[in-house]
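Below you'll find the structure, written out as structure tokens, and then a few comments.
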Amino acid sequence: MTPVTRQEVLGLYRKIFRIAKKWQSSSGQIEETIKEKEYIINEAKTLFNKNKNVTDPKLIKQCIEECEARIEIGLHYNIPYPRPIHLPPMGLAHKQGRTLRHQEKLRKISKPIYLKSHDEVS
């Protein structure tokens, strides 16, 4: 990891903890705010620890982009949880040969960047 990339990753890590420190839930309830703050901190620790040994520059860049996207979406919609995607069960398959492997491949390709690591952790 280059020094610039390392600084960028550490900056994102600090940014997430600053966001968690100032976080207010949209409902305004103290219990909900505490629960969401804990989720933000636990999710950050889990994902950063999971990816700490990644050395491939392309994969590091992809993780950074995912982190930035999740931060922006969370701040914009005021929800710390990833926004779900809704795809119809067989909506992506071609009319001919609706095989399960092809369907899974299309679902994986169509998944937004901010959900790439969510299924692996949750």
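Taking only the alpha-carbon positions of the range 3-85 and ignoring solvent, what does the Debye formula give for the base-10 log of I(q)/I(0) at q = 0.14, 0.19, 0.21 Å⁻¹?
Ignoring solvent entirely, the Cα scatterers give -0.49, -0.85, -1.00.
Cα-Cα over 23 Å: which of 35/61; 22/58; 15/45; 22/45; 21/45; 15/61?
35/61; 22/58
Please give every one of the lysines within straight-line cross-link reach of residue 105, meaning a C-alpha to C-alpha distance under 17 Å, and leave out same-chain neighbours fewer than 8 residues apart.
Of all the lysines, those that pass the test against residue 105 - Cα under 17 Å, at least 8 places apart if same chain - are 95, 116.
Give the ranking of 6, 83 by solvent-accessible surface, highest area first, calculated with a 1.4 Å probe. Intermediate results must be reported in sequence, preceding the final value.
Values: 6 140, 83 85 Å².
Output order, biggest surface exposure first: 6, 83.
Once ligands and nucleic acids are excluded and a 1.4 Å probe is used, how much of residue 2 is accessible, expressed in Å² to the nearest 10?
Approximately 80 Å² of residue 2 is accessible to the 1.4 Å probe.
Going by Cα centres, the range 4-20 and the range 26-55 are how many Å apart?
When both Cα centres are located, 13 Å separates them.
The values are calculated or read from the model by the stated rules, or taken from the named source; none is laboratory data. What you are looking at is a predicted structure, and each value in this text was computed from that prediction instead of being measured. For accessibility, only protein heavy atoms count, side chains too; no ligands or nucleic acids. Shrake-Rupley method; radii C 1.70, N 1.55, O 1.52, S 1.80 Å.
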